[in-house]
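Working notes, beginning with the structure itself.
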Amino acid sequence: MTTKLVDGWLHLWNGELERAADLVTPGFRVHAAMMDGGDGSAVSGPDALAGWIAQTRAAFSELTFRVEVGPIVQDELLALRWSVKGTYGGGFPAATAEPGTPIEFTGTDLLRVEDGRFTEYWVNSDIHVLLSQLKV
């Protein structure tokens, strides 16, 4: 089950947005420091998650996530460290980097599993590295 969930999560972040409905519960909740200053609570449920991922991917082409460490599983919790590479396509608020600029950064996901699907998500990413690459 863990391999299926992790593979699905990775494919979801790599653009297969239709997977959200099968991977997360209707009450799925995100805990994250958002770019708009929010805490992630606005991202609730499969549709909101797919929309957030689509919005994240919109400013980049060739955006590819991969798992570097994990999954590490303890009871109902699953953790993994990921990296992402892509190409800046333009449109990121306050970015002065030229479209075509390569980007790369890392992060850590902690997910709570309930009845075979993800129900809660905490993310910590090296967003400062991305912002530096985008010359924000």
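The values are calculated or read from the model by the stated rules, or taken from the named source; none is laboratory data. These figures come from a predicted structure and were not determined experimentally. No Cβ is skipped: glycine too gets one built from the backbone with ideal geometry, and neighbour counts run over all protein chains shown.
When region 59-82 is filtered for residues that are surrounded by fewer than 17 Cβ atoms within 10 Å (Cβ to Cβ), outside any loop (DSSP other than H, G, I, E, B) and in contact (Cβ under 8 Å) with a residue 24 or more places away in the chain, the ones remaining, listed by number, are Ser61, Glu62, Thr64, Arg66, Val67, Glu68, Gly70, Val73, Leu77, Ala79, Arg81.
Considering only region 112-136, state which residues are within 20 Å of Val30 (Cβ to Cβ) and among the hydroxyl-bearing types (Ser, Thr, Tyr). Those that are within 20 Å of Val30 (Cβ to Cβ) and among the hydroxyl-bearing types (Ser, Thr, Tyr): Thr119, Tyr121, Ser125. Checking the structure you have, find out if any residue of region 4-24 is of a type in the set (Phe, Trp, Tyr), touching a strand residue (DSSP E or B) at 6+ places or on another chain (Cβ under 6 Å) and assigned to a helix (DSSP H, G or I). Yes, the conditions are met somewhere in region 4-24. Can you find a residue in region 45-58 that is in a strand (DSSP E or B) and among the acidic types (Asp, Glu)? The answer is no, given that none of the residues of region 45-58 is in a strand (DSSP E or B) and among the acidic types (Asp, Glu). Yes or no: Ala50 surrounded by fewer than 16 Cβ atoms within 10 Å (Cβ to Cβ), aliphatic (A, V, I, L, M), under 20 Å from Leu23 (Cβ atoms) and at pLDDT 95 or above? No. Within region 98-136, the set of residues being surrounded by fewer than 13 Cβ atoms within 10 Å (Cβ to Cβ), within 14 Å of Ala33 (Cβ to Cβ) and of a type in the set (Asp, Glu) is empty.
Note on region 83-97: among residues that are at pLDDT 95 or above and surrounded by 15 or more Cβ atoms within 10 Å (Cβ to Cβ), the one that is nearest to Val69 (Cα to Cα) is Ser83.
The residue of region 88-124 that is nearest to Asp47 (Cα to Cα), among those that are hydrophobic (A, V, I, L, M, F, W, C) and assigned to a loop (DSSP other than H, G, I, E, B), is Phe92.
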